[in-house]
Each structure stands twice: as structure tokens, then as C-alpha cells.
1. Tell me the residue from 49, 32, 76 that is within 17 Å of the chain's Cα centre (by Cα) and touching a residue at least 24 places away in the same chain (Cβ under 8 Å), please.
2. Tell me which residues, restricted to region 70-85, are buried (at least 20 other Cβ atoms within 10 Å of the Cβ) and part of a loop (DSSP other than H, G, I, E, B).
3. Being part of a strand (DSSP E or B), in contact with a Ser or Thr (Cβ under 8 Å, 6 or more places away or on another chain), of a type in the set (Phe, Trp, Tyr) and farther than 28 Å from residue 85 by Cα: is that true of residue 228 here?
4. Output the number of the condition that residue 238 fails; it satisfies all remaining conditions of (1) farther than 26 Å from residue 142 by Cβ; (2) in contact (Cβ under 8 Å) with a residue 24 or more places away in the chain.
5. Which residues, counting only those in region 97-139, are within 27 Å of residue 189 (Cβ to Cβ) and of a type in the set (D, E, K, R)?
6. Restricting attention to region 158-212, and to residues there that are of a type in the set (D, E, K, R) and loosely packed, with under 14 Cβ neighbours inside 10 Å, which single residue is modelled with the lowest pLDDT?
7. Output the residues belonging to region 241-251 that are surrounded by fewer than 23 Cβ atoms within 10 Å (Cβ to Cβ) and either without any contact (Cβ under 8 Å) to a residue 12 or more places away in the chain or hydrophobic (A, V, I, L, M, F, W, C) (or both).
Amino acid sequence: MNKFLIPCMMLFAVSANASDNTKIAIPDGYEKIVFQDEFDNDGMPDSGKWGYEHGYVRNGELQYYTVGRKENTYIKDGNLHIVALNDSAVIDGETRPISSASLTTQGKHSWRYCYVEVRAKLPSCLGSWPAIWMMPEKSVYGDWPKSGEIDIMEHVGYAPENVHYAAHSYKYNHAKGIQKNRAVPCADVDDEYHVYALEWKAGSLTWILDGKPMFTLEKEDGADWESWPFDQDFYLILNFAFGGGWGGQQGVDRSALPQEYLIDYVRIFQ
């Protein structure tokens, strides 16, 4: 029997948020919620939980990530909104043609072996590239890709019918053309909310979509850090990129902006 599809096999706990007494299902095999944001209070994201990436960060992407700019990130109507704008705003003293946001728990919260669950509705247009992913807090084996990367969900607007899962290591990564990844059909990501989850154990990573396991990577026999660096603390990232090496692979449509990435909740269990 599939434990992810049978609610009676789950424990229930009262939400840790003082303003939310909702009972939340704890996945079988886990004991408690260790991180939670239901995004129920309008305003800016909780600075005790979230920080921001800043500027032009990676992959030749077109967006400039802003820090605490209410036009690019805010909480309203029970959702975290991450907004990509074609606004040519003057930010940090220069005109930035496209702005967006990337929220991260780096330096605030990180975990090793856990169940991550994010309910979200994605933006989708030519050039859009929203993601949910994890990176190592201390990079104990060295810089990327040596210390690993776990992509819980990625979506590119030029291929709207799929979501993508991947885990990168020194031995297996896209730069080498040898990677551990999977594309899974999910055609209505911009019309409906879906629950994107990852179960991370000492010897496996399992990606789960709306309660159904879709892809599992298992640690190879005798594996060392080169193929399995996933034995250290990782932090979480929620970002909305535009263009760049993958998102812009088939061009971009700036006229389709603004686009919104809506996150209903983030829950992490151990």
C-alpha cells in the first residue's frame, strides 16, 4: 500500500502558527513539524524565516533579485506572492529592466533528512523559470557541484506540460551532461495549485507530486561524497527566475510580464 495516498496512516498535529489552529497531516514515519509558513498574515515575509538573494545571481538570467521590495514579494490572501516585473525600475541606483525575488532560509534554518512540502501555483510564459530547491548550508565538500543541489521542482515556460526533478553532485550534474533527473507531466501548473514534496532519507531521495511518489534516487553501494553529498544540512530556496541558460533556451516574452508565483504554504517535517 502507498503510504502517501492513505490519510488514515498519517498523524495529525495542530499548526505551530499562533493564528492557525488547522490540523496538519504529518507524513507516516515523521514526528513533528520543524518549519512552517502558512502565509496567513498580509504584509512582508517573516524575516525570522526568510532572507533574500540579491542582484544578478546565476545562469545569465534576466531578472534582478530585489531585497524586501513589496512590488516583487509580499503576502496577501493566504499566499506568498513572488512577482516578476518588466518595469525598468531604478533599483540600487541603476535601471533594472526585469525584477523578481528569491527567498531563502540560508543562515536562518536548514535541515538534514526531512520531508519538505510546498503547495504552489506556478507562473508560465515564455522565459519563466520558477523553482523550489535546496542547497548546502556550509558546502562541506566544496563549491557547486561538489556539495550537491536538490531540485524539488523546476518548471520552464517553453515546456509548460512538465515539472522537473533533479539532484546534482560532483559525479552527476548537468554541466557534465550526466545527471539524475526526471520530467513528470503536470499540464495545469499555472491554473491549479499542486503539492510538491520531497522525502529525503539517509539513503534515498523521493519526489512526490500531489501525494504520489514520482521519482526516487537511491544511494549507490559504496558511494562517497562525489555521488552522494546529501548527508549535510541544506537550506530551502523559493525563486522566480526569468530567461537564462534554461528558462530562456527558446527565447523570452517580456510582454507576458508581470507573472506571479503563488505559494500557499511551506511545511517541513522530521
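The values are calculated or read from the model by the stated rules, or taken from the named source; none is laboratory data. Here the structure is a predicted model, which is why all the values come from computation and not from measurement. So basically every Cβ, Gly included, is an ideal-geometry build from the backbone, and we count neighbours across all protein chains shown.
1. Answer to the check: 49.
2. 72
3. no
4. (1)
5. Result: 117, 119, 121.
6. Among those residues, the one meeting the criterion is 176.
7. Of everything in region 241-251, just one residue is surrounded by fewer than 23 Cβ atoms within 10 Å (Cβ to Cβ) and either without any contact (Cβ under 8 Å) to a residue 12 or more places away in the chain or hydrophobic (A, V, I, L, M, F, W, C) (or both), namely 246.
Conditions (1) among the acidic types (Asp, Glu); (2) outside any loop (DSSP other than H, G, I, E, B); (3) within 26 Å of residue 269 (Cα to Cα), marked per residue:
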site: 140; (1), (2), (3): no, no, yes
site: 147; (1), (2), (3): no, no, yes
site: 158; (1), (2), (3): no, no, no
site: 165; (1), (2), (3): no, yes, yes
site: 184; (1), (2), (3): no, yes, yes
site: 192; (1), (2), (3): yes, no, yes
site: 195; (1), (2), (3): no, yes, yes
site: 199; (1), (2), (3): yes, yes, yes
site: 215; (1), (2), (3): no, yes, yes
